[in-house]
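Visitor: Okay, handing you the structure first.
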Amino acid sequence: MKISKFLHSCLVFEKQGFKLLVDPGMFSFVEGMITPEMFSDVSAIIITHNHPDHLDIDRLKKILAISQAEVYANNQVLQDLEKAGINAVLLNEGAIKIGPFKIEAISVKHEPLLDSLAPEMTALIIDDRILHPVDSFEEKLLIYKDIELLLLPVMAPFTTELKVADFADRLQPKQILPVHDGFAKTFFIKSRYANYAAHFEKQQIKFHQLIEPGSFIEI
């Protein structure tokens, strides 16, 4: 499986020629390095919650116009999409097949934000190998201890470096792919990645330092 990162929390999972796009949000497109046209060949799209850094309605419409991908989302996102004239499949909690991927959808709590109501949010287990907690560090996710790959939100208004590391330390994945860092300039991301990599290396956890838009790992 190939996993490509297109800034912040926008990811493409590719297997057997099938491309699954997750959370093409505003932060990925705002600087012009990523465009909707780069996702013309995606087969399906998952939107985990309705925050703008994970859901950009206008760009999503452009992607759908050129890809004909099917969209999957929880009930709250589904309602927002319907208001915008976008059809989507309801992603209920539990297991579902999307192309060649086995997806387990998990309802999780978004980490608290200042003066903001928590959205309905869906974490993902992909092919029993990857945990995508989205914007959550809920204790219940620790049942996936020792999972092969953790998609770890490393920067956000709702967290600190210590909290990020504590969640991953307790989960003990074999590998980490950092996400949710579109707030920061490249020099700062490189600095924090180096810090995280050194921390997790002591535990023999591989921390992938993906900097360039569209860079990828394979597992």
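Visitor: Quick one: Karplus J couplings for region 76-81, per residue in order, coefficients 6.51, -1.76, 1.60, θ = phi - 60°, nearest Hz, x for Gly and Pro?
Guide: Once θ is set to phi - 60°, the couplings for region 76-81 become 5, 5, 4, 5, 5, 5 Hz.
Visitor: Here's another thing I want to ask about it. Kirkwood Rh, region 68-120, all Cα pairs: how many Å?
Guide: The answer is 12.7 Å.
Visitor: Can you tell which of 43, 136, 191 shows the greatest fluctuation in a Gaussian network model of the chain with Cα springs below 10 Å?
Guide: It is 191.
Visitor: Another question, then. Summing Lys, Arg as +1 and Asp, Glu as -1, what charge do residues with Cβ under 13 Å from the Cβ of residue 196 carry, residue 196 excluded?
Guide: Net charge in that neighbourhood comes out at 0.
Visitor: If you don't mind, another one. Quickly estimate the mean residue ellipticity at 222 nm for the chain, helices only: each DSSP H run with n ≥ 4 gives -39500 (n - 2.57), and the total goes over all residues, rounded to 500.
Guide: -7000 deg cm²/dmol
Visitor: Okay, moving on. Pick from 207, 158, 167: which is most flexible by mean-square fluctuation in a GNM of the chain where alpha carbon atoms under 10 Å apart are linked?
Guide: 158
Visitor: How much net charge surrounds residue 81 when only other residues with a Cβ under 15 Å from its Cβ are counted (Lys, Arg +1; Asp, Glu -1)?
Guide: -3
Visitor: From the cross-link list 2/62; 61/174; 163/206; 61/185; 5/61; 19/140, which pairs have alpha carbons spaced over 26 Å apart?
Guide: 61/174; 61/185; 19/140
Visitor: Using each residue's phi in region 199-208, evaluate 6.51 cos²θ - 1.76 cosθ + 1.60 at θ = phi - 60° and report the 3J(HN,Hα) Karplus result to the nearest Hz, with x for Gly and Pro.
Guide: Result, ordered by residue: 4, 6, 4, 4, 9, 6, 9, 7, 10, 7 Hz.
Visitor: What are the ³J(HN,Hα) couplings of region 114-121, residue after residue, when phi is run through the Karplus curve with 6.51, -1.76, 1.60 and θ = phi - 60°? Round to Hz, x for glycine and proline.
Guide: Running phi through 6.51 cos²θ - 1.76 cosθ + 1.60 with θ = phi - 60° gives 4, 6, 9, 6, 6, x, 5, 9 Hz.
Visitor: Set Lys and Arg Cβ to +1 and Asp and Glu Cβ to -1, take the dipole of the chain about its Cα centre, and tell me which of 110, 68, 219 lies farthest positive.
Guide: 219
Visitor: Mean separation of Cα pairs under 8 Å and 6+ residues apart, divided by the residue count of the chain: what relative contact order is that in percent?
Guide: Across the chain, relative contact order equals 18 percent.
Visitor: Taking the Cα centre of each part, how many Å lie between region 55-117 and region 128-149?
Guide: With region 55-117 and region 128-149 each reduced to a Cα centre, they are spaced 19 Å.
Visitor: Within region 2-218, what percent of beta bridges assigned by DSSP are antiparallel, to the nearest 5?
Guide: Rounded to the nearest five, the antiparallel share is 60 percent.
Visitor: Here is a further query. Count the net charge of all other residues whose Cβ sits under 15 Å from the Cβ of residue 209, scoring Lys and Arg as +1 and Asp and Glu as -1.
Guide: Result for the local shell: +1.
Visitor: Could I ask something else about it? Rounded, prolate or oblate for region 25-89? Axes are the square roots of the Cα gyration tensor eigenvalues, ordered a ≥ b ≥ c, and the cut-off for rounded is a/c under 1.5.
Guide: It is oblate, given that a/c is not under 1.5 and a/b is not larger than b/c.
Visitor: OK, next. Which of the GluC sites (Glu not before Pro) found in region 54-101 are loop residues per DSSP with 15 or fewer other Cβ atoms within 10 Å of their Cβ?
Guide: Of the GluC sites (Glu not before Pro), the ones in loops of region 54-101 whose Cβ has at most 15 other Cβ atoms within 10 Å are 93.
Visitor: If every alpha-carbon in the chain counts as one equal scatterer, what log10 I(q)/I(0) does Debye give at q = 0.17 1/Å?
Guide: Results for the chain at q = 0.17 Å⁻¹ read -1.27.
Laboratory data are not the source of any read-out in this text; all were calculated from the coordinates shown. Because the structure is predicted, anything quoted here is derived from the model rather than measured. Cβ atoms come from the backbone with ideal geometry, glycine included; neighbour counts cover every protein chain shown.
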